[in-house]
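Here is the structure we will look at.
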Amino acid sequence: NDLALSNVSGKLGNSDFTFNGFFKNIITFFLFYNQPIGIETDLKSDYLDVDQLFAIGFGTSTGKSQQYEFNISRNINLNFNCDVRELRYKRFHASNLKGDLLVKNEMAVSRNITFNSMGGNMTFSGIVDAQNKKAIDVVSTFKLNDIQLDSIFYVFNNFDQDFIQAKHLKGHTSADVSLEMTLNQNLKLFPETLIGDISATIKNGELNNFEPMKKLNKYLNDEGLSKLRFSDLKNDIHIENKAVYIPQMEVRTNVTTIKISGTHTFSQQIDYHIIA
């Protein structure tokens with residue numbers, strides 16, 4: 001009733017796989033309705049196109065568009081030890097991804113998954129609870145090391161705002177991040193559910209051609225405001241109730257020293273306080 005696999009390889013779309021492990025209860029799973037299957041395996045891959053795999057596994061077509069209806073079967077129990085050389089999902093690109101993925105009882109748990117991305121490296125742990133198919137709960141923690149600031153804004157599409165964008169930013173950040181959120185079945189965020197804490201340090205930062213700073217030229221009479229370089233920044237940022245809360249921090253730049261604090265809501269209501 002069990003199946004052992006040794007160096008079984010294949011391709012699905014753009015993605016490739018090599019499995020070494022066991023499929024448990026596989027005969028009963030295929031012959032009878034609503035039976036569980038257990039998969040314990042080492043998964044190796046040179047390339048995973050996650051966007052395409054989601055479209056194959058969860059895709060539904062609506063007219064000319066396609067979207068996901070994500071779910072985790074209650075009958076599938078997975079224990080993957082992953083070693084992936086390259087992975088892509090939309091704008092996100094990762095390399096040398098390694099770690100464990102456990103799927104059971106319509107929940108997915110990742111434990112200390114490490115990978116390189118956005119010029120640095122990251123460690124990720126998280127839980128996805130898909131027992132309620134229309135409200136998928138996600139709890140995750142990240143540790144970022146030397147990530148390029150402009151790449152973060154590019155990958156996350158400027159966080160759906162146009163006040164400050166990837167083109168304005170340079171620098172490297174290291175941070176500890178914890179997030180809680182709820183997604184719908186199409187993996188779209190319910191913004192009111194997002195709660196996050198970010199403890200970040202930014203090194204060699206630049207703020208380039210940022211219009212609000214350029215407008216200060218008439219007060220400071222310094223063209224350096226169009227390319228503002230600042231010293232190391234440290235701050236603890238909180239996200240809740242569809243708003244980003246930024247405690248006061250001192251920013252020492254090539255032009256002047258300023259203090260900044262304020263809030264920035266998801267609906268682009270901005271309340272920043274600047275002391276120069």
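The values are calculated or read from the model by the stated rules, or taken from the named source; none is laboratory data. On a predicted model such as this, the values are computed, not experimentally measured, just so you know. A quick note on method: Cβ atoms are made from the backbone with ideal geometry, for glycine too, and the neighbour counts reach across all protein chains shown. Ligands, DNA and RNA are excluded from the accessible area calculation, which covers all protein heavy atoms including side chains. Shrake-Rupley method; radii C 1.70, N 1.55, O 1.52, S 1.80 Å.
What is the chain's relative contact order, in percent, from Cα pairs under 8 angstrom and six or more apart in sequence? Computed value for the chain: 9 percent relative contact order.
Among Gly13, Gly59, Gly171, which one shows the biggest mean-square fluctuation in a GNM of the chain, springs joining Cα atoms closer than 10 Å? Of Gly13, Gly59, Gly171, the Gaussian network model singles out Gly13 as fluctuating most.
Shape class of the range 144-197 from the alpha-carbon gyration tensor: oblate, with a/c at 1.5 or above and b/c at least as large as a/b. Structure note, pairs Lys44/Lys188; Lys90/Lys167; Lys143/Lys242; Lys188/Lys259; Lys167/Lys203; Lys227/Lys259: Cα-Cα distances above 27 angstrom occur for Lys44/Lys188; Lys188/Lys259.
Projecting the Cα atoms of Phe163, His238, Ser178 onto the dipole axis of the chain, where Lys and Arg carry +1 and Asp and Glu carry -1 at the beta carbon, places Phe163 farthest toward the positive end. A simple charge model with +1 on the Cβ of Lys and Arg, -1 on the Cβ of Asp and Glu and nothing else charged puts the dipole of the chain at about 440 debye relative to its Cα centre.
Note on the chain: GNM, Cα springs under 10 Å; of Asn79, Asn14, Asn145, the largest mean-square fluctuation is that of Asn14.
With the Cα gyration tensor of the range 105-193 giving a ≥ b ≥ c as the square roots of its eigenvalues, does the rule (a/c under 1.5 for rounded; else a/b larger than b/c for prolate; else oblate) give rounded, prolate or oblate?
Values: a/c = 2.95, a/b = 1.45, b/c = 2.03.
Oblate is the answer for the range 105-193, as a/c is 1.5 or above yet b/c matches or exceeds a/b.
Remark: accessible surface ordering of Tyr33, Tyr272, Tyr154, Tyr68 (largest first) is Tyr33, Tyr154, Tyr272, Tyr68, probe radius 1.4 Å. Panel note: the C-alpha atoms of the range 52-124, placed on their principal axes, show extents of 39, 30, 15 Å (largest first).
Where the convex hull is taken over the Cα atoms of the range 111-158, what is its projected area averaged over directions, in nm²? The partial results should precede the final answer.
Values: hull surface 16.6 nm².
Computed as one quarter of the Cα hull surface, the answer is 4.1 nm².
As a fraction of the 1.4 Å probe accessible area of the chain, surface on carbon and sulfur atoms comes out at 51 percent. Relative intensity of the chain on a log10 scale, I(q)/I(0) at q = 0.11, 0.14, 0.17 Å⁻¹, equals -0.76, -1.10, -1.48, per a Debye sum over C-alpha point scatterers of equal strength in the absence of solvent.
Quick note on the range 1-160: its Rg to Rh ratio, both from C-alpha atoms and Rh being the Kirkwood radius, is 0.98.
Would you calculate a helix-derived [θ] at 222 nm for the chain, using -39,500 (n - 2.57) for each DSSP H run of n ≥ 4 and dividing by the full residue count, to the nearest 500?
Working: 5 runs with 30 residues, N = 276.
Calculated from helices alone, the mean residue ellipticity at 222 nm is -2500 deg cm²/dmol.
Solvent-accessible surface of the chain, taken per residue with a 1.4 Å probe and all protein chains present: 59 Å². Taking a quarter of the surface of the Cα convex hull of the range 145-276 gives a mean projected area of 7.9 nm².
How would you classify the range 82-235 from its alpha-carbon gyration tensor, with a ≥ b ≥ c the square roots of the eigenvalues: rounded for a/c under 1.5, else prolate if a/b is greater than b/c, otherwise oblate?
Details: a/c = 2.65, a/b = 1.87, b/c = 1.42.
The shape class here is prolate.
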